[in-house]
Amino acid sequence: MSMIKISSKPLDVHHKGMKALDIAAKLSVDPSAIEAASRDFGHIVKAIPKAVLHPSTPQDIVALIKLSYHYSSVPFGIAAKGHGHSVRGQAMANNGVVIDMKSMKKHPNGTGIRVSTDGLYVDVGGEQLWIDVLNKTLEHGLAPVSWTDYLYLTVGGTLSNAGISGQTFRYGPQISNVLEMDVITGKADLMTCSPKKNSELFHAVLGGLGQFGIVTRARIPLEQAPKRVKWIRVLYSDFSSFTRDQELLISRNGQKDKNALDYLEGSLLMDQGSPNNWRSSFFPHSDHSRIISLITKHRIIYCLEVVKHYDYETENTVDKQMKQILQSLSYMPGFMFQKDVGYEEFLNRVRSGELKLDSQGLWEVPHPWLNLFIPKSQIFDFNNGVFRGIVLERNITTGPVLVYPMNRQKWDDRMSAVIPDEEIFYTVGFLHSGGFNDWEAFENQNKEIMRFCKKSGIMVKQYLPHYSTEDEWVHHFGSKWKVFRRRKHQFDPRMLLSPGQGIFNNN
Ligand code: FAD
């Protein structure tokens with residue numbers, strides 16, 4: 001099968017309402033703009049919009065939505081495109097208009113990135129990249145507390161999903177770390193919302209898959225930024241010791257608890273030639289052969305990864321603290337690896353892998369990724385049936401596989417994001433890269449994994465979800481579906497926004 005191409009009819013860009021709203025000059029039908037808006041990081045789906053809007057202000061976005069909402073007898077779909085790092089066309093608008101959010105960055109009258117004078121928060125345009133938020137806040141010795149593994153994603157894009165990483169167990173996802181937002185709804189209303197003001201919109205938008213409004217500003221709380229980090233990986237052959245240690249470590253999760261870890265993740269090491277992968281070159285070359293022997297013997301090795309921040313005041317105590325933490329763990333003796341790096345280098349750790357792959361022409365390739373949340377009570381069934389079953393049998397893994405737990409109490413159930421019901425749940429990410437001709441093998445593996453979960457009664461939820469039928473979406477949202485649908489009718493009654501998610505307007 002080749003790429004899924006969705007055909008298009010011409011958009012009437014000379015609609016009389018458009019002139020009235022004076023945004024025609026900013027709508028582009030330039031073939032290169034259309035082409036760029038038709039693809040994403042996944043390179044699996046292609047949907048062709050009629051035009052691309054390059055806004056300079058939130059008012060341009062208001063004008064565009066007004067045009068579709070008020071003036072068009074057949075409204076057209078509108079998708080904000082952040083950095084296009086979705087993998088299933090979620091930021092596309094077949095036959096509609098894609099808003100190229102990054103063009104807001106070029107204009108001085110946007111929100112930009114503004115640190116408050118008291119240093120308690122930063123106001124950020126929805127189009128801004130997290131790497132730029134980091135760099136700007138570090139100039140003030142400050143930083144947000146919750147991150148994604150990779151920072152070349154936009155604030156609006158990750159807040160539409162959740163924004164998870166190794167900090168989530170302690171600080172919650174990025175959506176739990178927002179004080180206020182400016183949002184343009186599907187009715188073209190520009191509204192400020194927070195937990196106290198227009199709270200229904202606030203909670204709808206966070207994790208809302210772009211369905212309720214376009215985020216033009218988010219207020220993110222800041223803390224003092226640490227200077228450096230102690231970064232440790234330890235290896236396990238035994239899944240129960242691995243998960244027991246992960247769960248022990250995330251049970252210490254008080255935000256002010258000085259003994260808590262600052263980051264915890266985990267991953268699988270399998271027979272891929274090298275224990276390192278594109279996302280990480282952590283293990284020293286001199287240790288590769290003994291790690292590979294271990295993998296050959298056990299077929300899967302589980303790698304726990306933790307980080308503790310430190311600065312001038314704590315540099316004399318951090319090693320002792322880390323030693324104590326490590327003493328409580330049951331990893332394989334002799335398989336502890338450590339690094340000591342600057343805070344920014346740690347947070348931006350995936351970038352060098354990206355640049356390397358890009359230089360080899362291996363970045364812009366199909367990415368049939370599958371990201372899941374799995375309740376703690378079923379993670380052993382998942383390990384036996386999927387990691388030790390399907391994955392080893394198919395033997396086609398060519399990408400990182402992440403597995404780490406988080407705490408439900410750090411999420412806010414009023415928000416749209418969907419997670420399992422149990423207090424502790426795991427995220428598992430199969431981050432495959434395929435060739436243009438062979439990515440379907442990964443897709444078939446993903447389908448088999450989903451079938452296995454269904455058959456075994458594993459109450460899995462997809463993160464960055466992708467479904468093709470309404471029934472599947474209803475099942476995904478579960479008890480949240482009614483609220484999600486009601487909010488859609490309230491904030492986007494003509495179903496204009498983020499059609500590429502395929503929730504209300506499968507196309
Ligand atoms: P886009 O793909 O452009 O858009 C995503 C969705 O959000 C679309 O529906 C779009 O219409 C909507 N949207 C975009 N901007 C706005 C806005 N301003 N207002 C409202 N809706 C908007 N995710 C994690 O949680 N943790 C990770 O560690 C992580 N690592 C990643 C690493 C890589 C290499 C990649 C490619 C992705 C990773 N992701 C991760 C997934 C990523 O968070 C999502 O794909 C995210 O949506 C990408 O952001 P984007 O700016 O590219 O959004």
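Taken as a whole, the condition of being more than 13 Å from the ligand (Cβ to nearest atom) and either part of a helix (DSSP H, G or I) or at pLDDT 95 or above (or both) applies to A33. Of everything in the range 173-188, what is in a loop (DSSP other than H, G, I, E, B) and out of contact with any Ser or Thr (no Cβ under 7 Å at 6 or more places or on another chain)? Give them in sequence order. Matches in the range 173-188: V178, G186, K187, A188. Pairs are defined by a Cβ separation below 7 Å, a sequence spacing of at least 6 or placement on different chains, a first member in the range 121-141 that is over 26 Å from I99 (Cβ atoms), and a second member that is open to solvent by 20 Å² or more (accessible area, probe 1.4 Å) and of a type outside the set (A, V, I, L, M, F, W, C); the pairs so defined are L138/E344; G141/Q224. Among the residues of the range 317-353, those identified as open to solvent by less than 30 Å² (accessible area, probe 1.4 Å) and either free of Cβ contacts under 8 Å to residues at least 24 places away in the same chain or over 27 Å from R290 (Cα atoms) (or both) are V318, G342, Y343, L347. Within the range 356-371, residues that are more than 20 Å from T148 (Cβ to Cβ) reach partners that are among the aliphatic types (A, V, I, L, M) with beta carbons closer than 8 Å, at six or more positions or on different chains, in the pairs P366/I44. Here D358 fulfils each of the conditions (1) part of a loop (DSSP other than H, G, I, E, B); (2) within 16 Å of the ligand (Cβ to nearest atom); (3) of a type in the set (D, E, K, R) apart from (1). Applying the criterion of being in a loop (DSSP other than H, G, I, E, B) and out of contact with any helix residue (DSSP H, G or I) (no Cβ under 8 Å at 6 or more places or on another chain) to the residues of the range 190-200, the residue that is nearest to the ligand (Cβ to nearest atom) is N198. Only one of the numbered conditions (1) open to solvent by less than 10 Å² (accessible area, probe 1.4 Å); (2) more than 15 Å from the ligand (Cβ to nearest atom) is not met by K256, and that is (1).
To keep it simple, each residue is scored yes or no on (1) under 16 Å from S86 (Cβ atoms); (2) buried (at least 20 other Cβ atoms within 10 Å of the Cβ); (3) without any contact (Cβ under 8 Å) to a residue 24 or more places away in the chain.
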position: F452; (1), (2), (3): no, no, no
position: H476; (1), (2), (3): no, no, no
position: S479; (1), (2), (3): no, no, yes
position: P493; (1), (2), (3): no, no, no
position: P499; (1), (2), (3): yes, yes, no
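Taking the range 116-134 as the range and being of a type outside the set (S, T, Y) and out of contact with any strand residue (DSSP E or B) (no Cβ under 8 Å at 6 or more places or on another chain) as the test, the residues that pass are D118, I131.
Yes or no, residue by residue, for (1) within 30 Å of E443 (Cβ to Cβ); (2) open to solvent by 20 Å² or more (accessible area, probe 1.4 Å); (3) in contact with a Phe, Trp or Tyr (Cβ under 6 Å, 6 or more places away or on another chain):
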| position | (1), (2), (3) |
| --- | --- |
| R279 | yes, yes, no |
| F282 | yes, no, no |
| Y302 | yes, no, yes |
| K308 | no, no, no |
| N371 | yes, yes, yes |
| I374 | yes, no, yes |
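Do the conditions hold for L179, that is, is it open to solvent by 20 Å² or more (accessible area, probe 1.4 Å), touching a residue at least 40 places away in the same chain (Cβ under 8 Å) and closer than 18 Å to Y69 by Cβ? Talk me through it step by step, then tell me what you get.
Values: open to solvent by 20 Å² or more (accessible area, probe 1.4 Å): yes; touching a residue at least 40 places away in the same chain (Cβ under 8 Å): yes; closer than 18 Å to Y69 by Cβ: no.
No.
Hey, could you check the range 431-447 for residues that are open to solvent by less than 50 Å² (accessible area, probe 1.4 Å) and closer than 17 Å to Y467 by Cβ and say which is modelled with the lowest pLDDT? Out of the qualifying residues, it is E443.
Can you confirm whether S68 is away from the ligand (no atom under 11 Å from the Cβ), part of a loop (DSSP other than H, G, I, E, B) and polar (S, T, N, Q)? When the stated conditions are applied, S68 does not pass them.
Of the strands (runs of 3 or more DSSP E) lying entirely inside the range 78-124, the ones with 3 or more residues being modelled with pLDDT of 95 or more and open to solvent by 10 Å² or more (accessible area, probe 1.4 Å) are found at 113-115. Just one of (1) in a helix (DSSP H, G or I); (2) in contact (Cβ under 8 Å) with a residue 40 or more places away in the chain trips up P465, so point out which. The single condition P465 does not satisfy is (1).
Can we say R414 is more than 24 Å from P275 (Cβ to Cβ), at pLDDT 95 or above and either out of contact with any Leu (no Cβ under 6 Å at 6 or more places or on another chain) or open to solvent by 30 Å² or more (accessible area, probe 1.4 Å) (or both)? Yes, satisfied.
For the range 227-325, the strands (runs of 3 or more DSSP E) that sit wholly inside it and include 3 or more residues that are of a type in the set (A, V, I, L, M) and within 17 Å of P405 (Cβ to Cβ) are 301-310. Annotation: of all residues in the range 146-172 being in a loop (DSSP other than H, G, I, E, B) and in contact with a Lys or Arg (Cβ under 8 Å, 6 or more places away or on another chain), the one that is farthest from the ligand (Cβ to nearest atom) is G172. Taking the stated definitions as given, is G210 open to solvent by 10 Å² or more (accessible area, probe 1.4 Å), within 16 Å of the ligand (Cβ to nearest atom) and part of a helix (DSSP H, G or I)? So G210 does not fit the description; no. Cβ separations smaller than 9 Å between residues 6+ apart or across chains give the following pairs from the range 145-165 residues that are over 19 Å from A91 (Cα atoms) to residues that are small (G, A, S) and within 6 Å of the ligand (Cβ to nearest atom): S146/G163; S146/S165; W147/G163; W147/S165; D149/S165. The one condition from (1) more than 14 Å from the ligand (Cβ to nearest atom); (2) in contact with a strand residue (DSSP E or B) (Cβ under 6 Å, 6 or more places away or on another chain) that V45 does not meet is (1).
The values are calculated or read from the model by the stated rules, or taken from the named source; none is laboratory data. Since this is a predicted model, take the numbers as computed values, not measurements. A quick note on method: Cβ atoms are made from the backbone with ideal geometry, for glycine too, and the neighbour counts reach across all protein chains shown. SASA here: full protein model, heavy atoms, side chains in, ligands and nucleic acids out. Shrake-Rupley method; radii C 1.70, N 1.55, O 1.52, S 1.80 Å.
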